[in-house]
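The values are calculated or read from the model by the stated rules, or taken from the named source; none is laboratory data. Predicted model, so just to flag it, every value in this text is computed and none were measured. So basically every Cβ, Gly included, is an ideal-geometry build from the backbone, and we count neighbours across all protein chains shown.
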Amino acid sequence: MVKITYIENSGKVHTVEGEPGQTVMETAIRNAVPGIVAECGGACSCATCHVYVDEAWKEKTGNPSPMEEDMLDFAFDVRPASRLSCQIRLKPELDGLVVRIPEHQN
Amino acid sequence: MTSPVQTDALIVGAGPVGLFAVFELGLLDIKAHLVDILDRPGGQCAELYPEKPIYDIPALPSVTGQELTDRLMEQIKPFGPVFHFGERVDMLKRVDSGFEAVTDAGTTFLAKVVVIAAGGGSFTPKRPPLAGIEAFEDTSVFYAVRKMDAFRGKHVVIVGGGDSALDWTLNLEPIAKSVTLIHRRPEFRAAPDSVNKMRALEAAGRLKFLIGQVTKLNGEGSELKSLTVRGPVNGGPEQEYGIAAERLIPFFGLTMKLGPIADWGLNLHENLIPVDTERFETSEPGIFAIGDINWYPGKLKLILSGFHEGALMAQAAHRHIYPDKRVVFQYTTSSSNLQKKLGLL
Ligand SMILES: Cc1cc2nc3c(=O)[nH]c(=O)nc-3n(C[C@H](O)[C@H](O)[C@H](O)COP(=O)(O)OP(=O)(O)OC[C@H]3O[C@@H](n4cnc5c(N)ncnc54)[C@H](O)[C@@H]3O)c2cc1C
Ligand code: FES
């Protein structure tokens with residue numbers, strides 16, 4: 001199992017466990033973490049699963065693909081740490097991952 | 001007002017399910033007109049995932065959203081469907097001869113039956129979550145350009161990196177007082193030719209391109225005066241600064257909203273239209289609902305299910321239009337009658 005911590009914009013913290021192979025978006029939805037909408041169900045087609053990856057984890061989660069970058073244009077308040085959480089797949093190295101949820105999903 | 005368009009069936013929505021309904025209705029000699037707010041057929045398949053493969057269409061192990069749309073268009077061609085794109089059906093009411101529907105562009109239809117294949121609702125531009133933006137909408141903030149005159153002699157700001165953003169930057173540049181394009185990065189998802197044209201106008205000092213994001217709207221009442229932008233200044237670190245803006249056109253993609261269907265007097269169940277599973281008819285006889293928009297126990301929002309619903313709906317629509325005619329069950333493989341309709345004989 002891979003532990004993930006989601007921090008809401010209000011500061012509320014949710015630490016949950018996901019299985020390798022699942023995405024950060026799916027793990028949030030399964031554990032009813034609020035603030036991730038995921039309108040398109042993980043197809044990289046809606047940009048409503050936007051998160052900010054904690055500085056310490058940016059290298060391990062890697063950079064968005066060109067398709068994800070294009071979709072990030074539709075997200076709001078995009079920053080260098082922005083990712084679409086349906087495009088981050090869990091793996092053992094990501095155990096302890098911390099992501100922040102933006103104030104709004106567009 | 002122009003005279004109404006007469007049709008056997010009016011299909012609201014040209015997504016995959018609305019398209020296949022043309023086929024099933026056509027086999028029963030019911031001709032159709034289709035209306036969609038998008039400028040092309042395919043609904044979600046064409047708008048949200050044209051290049052992604054679908055794996056659960058029977059007999060097509062893998063087909064992209066656009067390919068599925070193209071194949072459906074080919075399959076329904078023999079029935080001569082008439083499309084009305086870029087229009088939204090706003091009003092629907094019962095009249096003596098059937099139903100009257102009116103679009104936002106003023107097109108009026110007189111239909112014997114209505115098939116609502118509206119999916120998740122009308123595709124509508126997304127509103128960026130900027131505080132107080134509602135107050136400026138339709139006077140200073142627009143999500144589409146309907147009348148160019150609203151931008152003449154104004155400081156216009158366009159936000160986005162796709163074709164719509166680039167096209168309107170280029171089209172409004174000659175008539176606006178100033179045009180500023182804002183995008184969060186230097187790469188665009190638009191036709192390279194438009195990007196080159198925009199860059200050339202920028203180099204000639206005729207428009208501004210800023211890398212950044214809008215963080216705040218400033219104005220009085222419904223009149224926008226300026227925007228606060230966050231972005232790198234002269235290649236340096238990010239800062240917040242203001243720019244003059246009387247008109248803003250943000251392009252943040254589309255989302256689906258039920259829209260006017262809610263006002264058509266139909267029973268609704270959590271924004272979906274309940275139907276029976278024999279006829280796929282709504283609470284109003286003669287108005288049918290198929291695809292993602294309908295609800296019944298066990299409903300699955302799958303293209304496959306929408307196709308099945310279309311076949312059964314067509315039988316019921318036939319009984320509604322021709323109460324005295326009997327439908328003879330036939331296969332397309334063996335019926336010369338059906339093959340004639342398909343233009344094969
Ligand atoms: C990313 C993604 C992946 C998917 N993958 C699959 C898959 O693998 N397999 C599968 O079976 N399904 C899949 N789906 C679901 C599938 O796309 C939908 O079930 C299907 O599109 C529904 O078709 P529809 O014709 O009912 O509605 P839509 O495709 O939603 O089309 C409805 C159309 O009606 C128009 N409309 C609505 N109201 C009005 C109005 N008042 N006036 C004018 N036009 C109007 C809309 O603009 C829209 O174009 C996926 C969906 C998404 C988003
Ligand atoms: S869930 Fe839609 S882009 Fe991630």
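Descriptive notes on the structure:
- Whether a residue is surrounded by fewer than 20 Cβ atoms within 10 Å (Cβ to Cβ), outside any loop (DSSP other than H, G, I, E, B) and either in contact with a Ser or Thr (Cβ under 8 Å, 6 or more places away or on another chain) or away from chain A (no Cβ under 14 Å) (or both) was assessed, and B:Ala111 does not pass this test.
- None of B:Gly65, B:Gly15 is closer than 15 Å to B:Ala117 by Cα and either near ligand 1 (Cβ under 10 Å from one of its atoms) or touching a Cys at 6+ places or on another chain (Cβ under 7 Å) (or both) except B:Gly15.
- For the range B:192-213, filtering for residues that are within 28 Å of the chain's Cα centre (by Cα) and either away from chain A (no Cβ under 14 Å) or more than 22 Å from A:Pro64 (Cα to Cα) (or both) leaves 5.
- Given (1) buried (at least 21 other Cβ atoms within 10 Å of the Cβ); (2) closer than 29 Å to B:Leu166 by Cβ; (3) within 16 Å of ligand 1 (Cβ to nearest atom), index of the condition A:Met25 fails: (2)
- Scanning the range B:45-74 for residues that are touching a residue at least 12 places away in the same chain (Cβ under 8 Å) and exposed (fewer than 15 other Cβ atoms within 10 Å of the Cβ) yields a count of 3.
- Tally of residues being away from chain A (no Cβ under 14 Å), aliphatic (A, V, I, L, M) and assigned to a loop (DSSP other than H, G, I, E, B) across the range B:8-57: 5
- Counting only helices (runs of 4 or more DSSP H) that sit wholly inside chain A, those with at least 3 residues that are within 28 Å of B:Arg185 (Cα to Cα) and within 14 Å of chain B (Cβ to nearest Cβ) are A:66-72.
- Filter pass, A:Ala38 being under 22 Å from B:Gly253 (Cβ atoms) and in contact with a Phe, Trp or Tyr (Cβ under 9 Å, 6 or more places away or on another chain): no
- Selection within the range B:42-75 - more than 16 Å from ligand 2 (Cβ to nearest atom), more than 22 Å from B:Ser122 (Cβ to Cβ) and under 20 Å from the mean Cα position of the chain (by Cα): B:Thr64, B:Glu67, B:Asp70, B:Arg71
- At least 1 residues being within 14 Å of chain A (Cβ to nearest Cβ) is the threshold, and among the strands (runs of 3 or more DSSP E) wholly inside the range B:246-328 those reaching it are B:247-250, B:254-257.
- So A:Glu103, is it of a type in the set (Asp, Glu), away from ligand 1 (no atom under 16 Å from the Cβ), modelled with pLDDT of 95 or more and exposed (fewer than 15 other Cβ atoms within 10 Å of the Cβ): no
- Candidates B:Gly106, B:Gly120: the one that is within 26 Å of B:Pro16 (Cα to Cα) and surrounded by fewer than 17 Cβ atoms within 10 Å (Cβ to Cβ) is B:Gly106.
- 1 or more residues aromatic (Phe, Trp, Tyr), surrounded by 14 or more Cβ atoms within 10 Å (Cβ to Cβ) and touching a residue at least 24 places away in the same chain (Cβ under 8 Å): qualifying strands (runs of 3 or more DSSP E) within the range B:154-222: B:208-211
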